[in-house]
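Data block below; observations after.
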Amino acid sequence: MPSRRQFLASAGAGLLLAPFIDAGLRREAKAASGTSKRLLMFCTMGTYPPLWTPKVSGEAITSWSAMTQPLSAAADNIVLVEGMPSGNPNDGHGAPDSLTGQGYGGATLNNMPVLKSSVDQFVATSLAKGGVSRPIASLLLGANCNENGGLTQFYGGPNGGNLPTIGSPLSAYNTVFGAAMPSGSNTSAQALLARRKSILDTISSEITGLSATLGSNEKAKLDAHLDSIRQLENKLMSAGGSAGSGSCAKPAAPGADSTLQFMGDMDALAANVLHQQIIVGAFACDITRVASLEYGNDQKFMVNAPGIPFDDQHGGYIHSGASSNYANLVLFEAYLATQFVNLINALKAVPDPLGSAGQTLFDNTLLVWARDMGDAQNHNQQSMRFVLASGNGGYLKTATGGRYVSSSERHERILLNVCEAMGVTSFAGFGDPMLPTKQPLPGISA
């Protein structure tokens, strides 16, 4: 029989003992207990609010605007939120407020700067600290987001700096399904499931051997932990049917970037369609729990969409759009809404190997459509808006035909809803430390 010292020297067993000798993994249970298992951020630039807002009666949507009409196809799963100012409502181009809750000048606490972190990065970091560690902590995708000196909406890292996206679909594909996938030819969901279960079995066997050397209190804790492992094994096995049916499958590899060229640059919309497929595949194979897709940046986004003149979204469709009542912007917003629904449908089409029987990826994913500005015509954040979507029994309080929420609370509170949905309930280090009510907005969760 190995000594306790020898046993603790075992890396695998040491990790498993952590829940009852180290408080660290108790945070894992808390961090992993959210209603949503995955977060998908869908990020675009600001819009023209008078043409975006639907007609409503209370929280009921009575008539969708032309910009939002495509969302009606998934209305029962969607919540629209607007009216919420940022903490710096006059911030415009390049302001980090949208996903960080901090303005141009950042924030301080006890005379010390608070590093900027966008909500996607904060959630990913919190999950990792809690023990939910995936090959890719956070996947940032989006074509042409790092050009023309523009800024993305993502912040993080050791210095709280602006983070780039992977623009090339081929590079994104190789990042996700190259280094992140297990080596060898068998990368089916069933093979991944078998690897996870075999690890649990091995560690359980080691700890059972240790049981006789523990005192009564430690042994009781160990027995409870072993029971939780057995429950997890049973859950993995019950998910095996859907996993084995092919939910973890690489999408077709994108072609070379040269095949996506248009007018001397990458066709960002075509590239982002491929990025959508990569994100769904990454979720299905549990390579990441947090993914983001951005369209353009705060300076420029050349749009090549069917039926819309090739032009810059901001300079052309918005600032040169008044004479046509923003007709091209309306068409482009409807295109974006269609892409948001396409993502919902793609997630609905894939069984969730981590979920209960019959659940799809969508049932355990929170989708968040966020924007860098509320009013792009007037360059302000006086009324930030979100489109939120979750599956049946998911985090959101939804309504038949769609739900509309108007609030004058700070928009950061919706970002805290995002954290809460992912099981992250400690908000220390995120956003504005002086936010008057550092709690999720009531009435958003079911």
So the pair-distance distribution of region 306-350, from every Cα-Cα distance in 10 Å bins, comes to percents of 28, 40, 20, 11, 1
For region 312-327 and region 331-378, compute the distance between their C-alpha centroids and round to whole Å.
26 Å
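Which value, in Å³ per residue, describes the convex hull spanned by the Cα atoms of region 99-143?
93 Å³
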To the nearest 10 square angstrom, what accessible area does Leu115 show with a 1.4 Å probe?
90 Å²
For region 63-148, count all C-alpha to C-alpha pairs, find those more than 14 Å apart, and express that count as a whole percent of the total.
77 percent
Bin width 10 Å, alpha-carbon pairs only: give the P(r) of region 344-422 as whole percents, running from 0 to the bin holding the largest distance.
16, 41, 29, 12, 2
If the chain between Asn90 and Asp257 were fully stretched, how many nm would it gain, using 0.36 nm times the residue separation less the Cα-Cα distance?
56.3 nm
Taking only the alpha-carbon positions of region 288-446 as identical scatterers, the Debye log10 I(q)/I(0) at q = 0.14, 0.19 Å⁻¹ comes out as -0.88, -1.32
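Leaving out ligands and nucleic acids, note down the accessible area per residue over region 364-425 with a 1.4 angstrom probe, in whole Å².
Here the per-residue accessible area is 26 Å².
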Distant-in-sequence amide H partners of Lys397 (H built 1.01 Å from N, under 5 Å)
Ser445, Ala446
Using heavy-atom solvent-accessible surface (probe 1.4 Å) with all chains present, what is the largest-first order of His275, His379?
His379, His275
Below 14 angstrom from the Cβ of Phe122, what's the summed charge of the other residues (Lys, Arg +1; Asp, Glu -1)?
0
Formal net charge of residues neighbouring Gln439 (Cβ-Cβ distance under 12 Å; K, R +1; D, E -1):
0
Region 49-118-region 402-420 distance, computed between alpha-carbon centres (Å):
8 Å
Can you give the local net charge around Gln102? Use residues other than it whose beta-carbon is closer than 13 angstrom to its beta-carbon, Lys and Arg +1, Asp and Glu -1.
-2
Would region 241-374 count as rounded, prolate or oblate if I go by the C-alpha gyration tensor, calling it rounded below 1.5 in a/c and otherwise prolate when a/b exceeds b/c, oblate otherwise?
prolate
Express the carbon and sulfur contribution to the solvent-accessible surface of region 30-89 as a percent, rounded to the nearest whole number, probe 1.4 angstrom.
50 percent
List the equivalent ellipsoid semi-axes of region 268-312 in whole Å, largest first, each obtained as the square root of 5λ for an eigenvalue λ of the Cα gyration tensor.
27, 12, 5
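The values are calculated or read from the model by the stated rules, or taken from the named source; none is laboratory data. Everything quoted here is computed from the prediction, not taken from an experiment. Counting neighbours? That spans all protein chains shown, and the Cβs are built from the backbone with ideal geometry, glycine included. Accessible surface is based on the protein model in full, side chains and every heavy atom, while ligands, DNA and RNA are left aside. Shrake-Rupley method; radii C 1.70, N 1.55, O 1.52, S 1.80 Å.
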